[in-house]
Amino acid sequence: MRKIAVLTSGGDAPGMNAAVRAVVRRGIFLGMEVFGVHHGYDGLIKGQIEPMNLGSVGDIIHRGGTILYSSRSKEFMTREGQDQAITRMKSKGIEGLIVIGGDGSFRGAQKLVEKGFPTIGIPGTIDNDIPGTDMTLGFDTAVNTVIEAIDKIRDTANSHERTFVVEVMGRNHGDIALWAGLTGGAESILIPEEPYEIDRIVQRLTEGSNRGKKYSIIVVAEGVCSGALICDEIKQRTGFDTRVTVLGHVQRGGSPSAFDRMIGSRFGARAVDLLHEGKQGLMVGMQHNQIVEVDFDQVFAGEVTLDLELYELSKSLSI
Ligand code: ADP
Ligand code: F6P
């Protein structure tokens, strides 16, 4: 394979640039020509495909977001859109594609594979909700962003002796809430994977207050319900001065952590190697600190899991 392309799709995630850099540099290292597609699948359909060189990925390893821009493309969901995308790539002599994105982006990538166009996926999403990899690109940075925010909220919560509800992202998955809640020292963590009892939360808050606790932090995953709802409920039942903070898209930005730069670099290089070896229809991932390749079909059939041991640990440490 002599010419390959790379695109970023779906929600952006810190570390995507590190992966783009690795794809371009590894490709050139192996004697390939590498193209960057702007605006994800939308740009692929429109032919927004530019040649990249060593310099075009200089000074980006530390930047959040994606220099290639991202999109959610309705047109690519159609057969015509997918055919047009392949035509655009073939017209430039491109023989293989690397898609950096989430589960939805991989479903799109699989469509290209079914049409005979070699494609490899790199899991990039802050949600850590892709089967077949222990970590997705961007998750570590997002968790660090959340705990930085929680640390700041602690200061004001302490000063005013308030209860704070912090709503975090993650779609239907609770990993951001769990990791940030545990490492941020939250009193309660609400995740979609486990039922919660508001009575129990209120009881713990009251007990804590009776013991002299000045403030409490409750982390709520967006997949459970809105943080505002939990905040109102707590306010009503306890009479405590309670506030809600919705962290929102702040969690998607910022300079990637060392960990995300590392897996971005490793994922990017392996993805290129796979295309170079003539492989396709695979996602690269990380299992027990080893870079692995997982069939798209296995990814789609897999279950998004959450480490319930961590959840139990968080409960025993927040008494
Ligand atoms: P993510 O990759 O972060 O999960 P989305 O679910 O929004 O984000 O998917 C990104 C894009 O991937 C969509 O906008 C669409 O263009 C493409 N895509 C998603 N699902 C499919 C599908 N079943 N067939 C073809 N393309 C898809
Ligand atoms: O998948 C990443 C994510 O940030 C989710 O955590 C969140 O629910 C969603 O994307 C937000 O999407 P949008 O960028 O469309 O607001």
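Which three semi-axes in whole Å describe the equivalent ellipsoid of the range 1-75, each the square root of 5 times a Cα gyration tensor eigenvalue, listed largest first?
In descending order, the three semi-axes are 19, 16, 8 Å.
Grab the alpha carbons of the range 139-252, take their convex hull, and tell me the volume per residue in Å³.
Dividing the Cα hull volume of the range 139-252 by its residue count gives 84 Å³.
Given R₀ = 35 Å, FRET efficiency for Leu308-Val250 by Cβ-Cβ distance, to 0.05?
So, using R0 = 35 Å, E works out to roughly 0.80.
In whole Å, what three semi-axes, largest first, describe the equivalent ellipsoid of the chain built from its Cα gyration tensor (square root of 5 times each eigenvalue)?
Over the Cα atoms of the chain, the ellipsoid semi-axes are 42, 18, 17 Å.
Largest first and in whole Å, give the semi-axes of the range 39-83's equivalent ellipsoid, each being the square root of 5 times a Cα gyration tensor eigenvalue.
Computed over the range 39-83, the values are 26, 13, 5 Å.
Hey, what number do you get for the chain at 222 nm if only DSSP H runs of n ≥ 4 count, each worth -39500 (n - 2.57), divided across all residues, to the nearest 500?
For the chain, the value works out to -13500 deg cm²/dmol.
For a Förster distance of 41 Å, can you work out the FRET efficiency between the beta-carbons of Ala258 and His160, rounded to the nearest 0.05?
Calculated value: 0.70.
Can you compute log10 of I(q)/I(0) for the range 192-296 with the Debye formula, treating each Cα as one identical point scatterer, at q = 0.22 Å⁻¹?
-1.14
Could you tell me the relative contact order of the range 139-252? Use alpha-carbon pairs under 8 Å, at least six residues apart, and round to a whole percent.
Relative contact order comes out at 39 percent.
Rule-based calculations on the coordinates, nothing more; no lab input. Note that this is a predicted model, so its numbers are computed, not measured. When we count neighbours, we look across all protein chains shown, and the Cβ atoms used for this are built from the backbone with ideal geometry, even at glycine.
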